[in-house]
Amino acid sequence: GAASRVADEPVNGVRVVAAPGSGDDKIVELVSAPDPDAVYLVVTADRELRARSEKAGAAVIGPRWLLNCL
């Protein structure tokens, strides 16, 4: 929804990518990119996104980890 209006610009050193369609689909597309030097970490509580991301080769953790980092 609202994330589709985000600009493709770095924010505080974090790469931000707009998703014109499904955000989950965009995340899986990004972590599926054939870049042998890339390491991807997806933070989500969504079980389906977790499974799709892991299948694509990304590491996945829950949002509690991220909240504890703040």
Checklist entry - Which one, (i) 15.0; (ii) 14.2; (iii) 13.0, gives Kirkwood radius over Cα pairs in Å as derived from the coordinates shown? => result (iii)
Checklist entry - For the range 36-53, in order, what is each residue's ³J(HN,Hα) by Karplus, 6.51 cos²θ - 1.76 cosθ + 1.60 with θ = phi - 60°, in whole Hz (x at glycine and Pro)? => result x, 8, 8, 10, 10, 10, 9, 9, 7, 9, 7, 5, 5, 5, 4, 5, 5, 5
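May I ask for the net charge around L49, where only other residues with Cβ less than 13 Å from the Cβ of L49 are counted and Lys, Arg are +1 while Asp, Glu are -1?
Summing Lys/Arg as +1 and Asp/Glu as -1 gives -1.
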Checklist entry - Put +1 on the Cβ of every Lys and Arg and -1 on every Asp and Glu Cβ in the chain; which of V17, A38, C69 then has its Cα farthest towards the positive end of the dipole? => result C69
Checklist outcome for this item: Residues whose modelled amide H sits under 5 Å from the amide H of Y40, counting only those 5 or more places away in sequence or on another chain, are A59
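Just so you know, all these numbers are worked out from the coordinates, no wet-lab data involved. It should be emphasised that the depicted structure is a prediction, and the values quoted were computed from it without experimental measurement. Cβ coordinates were reconstructed from backbone atoms using ideal geometry, including for glycine residues, and neighbour counts include every protein chain displayed.
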